[in-house]
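Notes follow once the structure below has been shown.
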Amino acid sequence: MQYIDQIFGYPIPLFFKNLIIGLAAVLLGILIKFIIHKTFILLSRWWDFIIIKSTIKHLRRPVAVFIPLLLLNFSLTIMVMEPEFRLPITKALEIALTITFALILVRLINVLEDYFYLKYDLNKENNLKERKIRTQLQFVRKFIVSLIILITAAIILLSFESMRKIGAGLLTGVGIGGIIIGFAAQKSLGNLLAGFQIAFTQPIRIDDVLIVEGEWGKVEEITLTYVVVNIWDQRRLILPITYFIEKPFQNWTRVSADLLGTVFLYLDYTIPIEPMRQEMTRLLTLNPLWDKRVNVVQVTDSTKDGAIEVRFLMSASNSSRAFDLRCYVREAMISFIQNHYPESLPKKRLEFRDIDKSSFRP
């Protein structure tokens, strides 16, 4: 058995020396992590900044693992051990450090995401810029995270000699393999390219209001391969991301969240228009849903059934308010007509004429 110098007159086996060095490195790493954590806690109390709080939230655990592992890896240089023991331990530490470092990179992206989500808050009335930024951030984040995972997996696999040999053999058939993979992954690559196109040309954005497949809803999530639309009754419509490149759809908030709402009533020709204009103005003035931009009452058509089409046009700051305002105006105007002009509600007319009785024979 190998020994090192005597301590307190007792020889220490080499195994215990390495164990003491390793434990000292791990404990030092834990101490450094503790100091860093407490420093950030103090900073969060003195300076109320989202990045500090988000850093504590997302990076506390991966850093708590990474620092002791890093110091333990450094301590291997001063340990004395046989090659058959050193190589597997070194390899295991390298793999653990690679995975932990990749996790730290992913969590750093989460920290930046928290900062930008706070800076570009969707809970504003006119949130066009915020929806643009959030759409791009969401797609870029998912793409970068996927790239980090792929690179990490490649680094780990290529660190093994056997995998490097397999990779060298595969490179010889890269021409034919590339063609086969290209055909096999054609749809996936199409989805990825469509995702890039949507992220930066932005025919749709997060929180956009759409009419798609005959359904009204808001864009809830945009992934690398599909889009989730939150339907008004809380159903979720899942569509491939290429759908929004290849097929037509309505985007009610493409330029801004402001919308015009319309209500159509079919009334008798005897209805006076001016009192309805005055009532419409009164109703909108008292309703906080109206954004004071548009207030119009017009006769837009006449039908073959003896009725006129009256259009009530109003504006609101977003689609949800526009829908509620339309319902309110429709209900209130029907009540107004019932109470003040009931004779002008739609009616069927029948005309009776005198008939010459002499034309009838017994």
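The values are calculated or read from the model by the stated rules, or taken from the named source; none is laboratory data. Source: prediction; values computed, not measured. Note that we place each Cβ from the backbone using ideal geometry, even for glycine, and neighbour counts take in every protein chain shown. All accessible areas refer to the heavy atoms of the entire protein, side chains included, with ligands and DNA or RNA removed. Shrake-Rupley method; radii C 1.70, N 1.55, O 1.52, S 1.80 Å.
Quick rundown of the values:
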| item | result |
| --- | --- |
| Close pairs from the stretch 285-296: first exposed (fewer than 13 other Cβ atoms within 10 Å of the Cβ), partner of a type in the set (Gly, Ala, Ser), Cβ under 6 Å, at least 6 apart | 293/315 |
| Of all residues in the stretch 236-261 being open to solvent by less than 20 Å² (accessible area, probe 1.4 Å) and touching a helix residue (DSSP H, G or I) at 6+ places or on another chain (Cβ under 8 Å), the one that is farthest from residue 334 (Cα to Cα) | 241 |
| Pair list, Cβ < 7 Å and 6+ apart or interchain, from the stretch 75-92 residues that are free of Cβ contacts under 8 Å to residues at least 60 places away in the same chain to residues that are among the polar types (S, T, N, Q) and not in a loop (DSSP other than H, G, I, E, B) | 76/90 |
| Single residue of 323, 264, 312 found to be surrounded by 19 or more Cβ atoms within 10 Å (Cβ to Cβ), aromatic (Phe, Trp, Tyr) and more than 30 Å from residue 197 (Cα to Cα) | 312 |
| Residues that are open to solvent by less than 70 Å² (accessible area, probe 1.4 Å) and of a type in the set (S, T, N, Q), drawn from the stretch 73-100 | 73, 75, 90, 98, 100 |
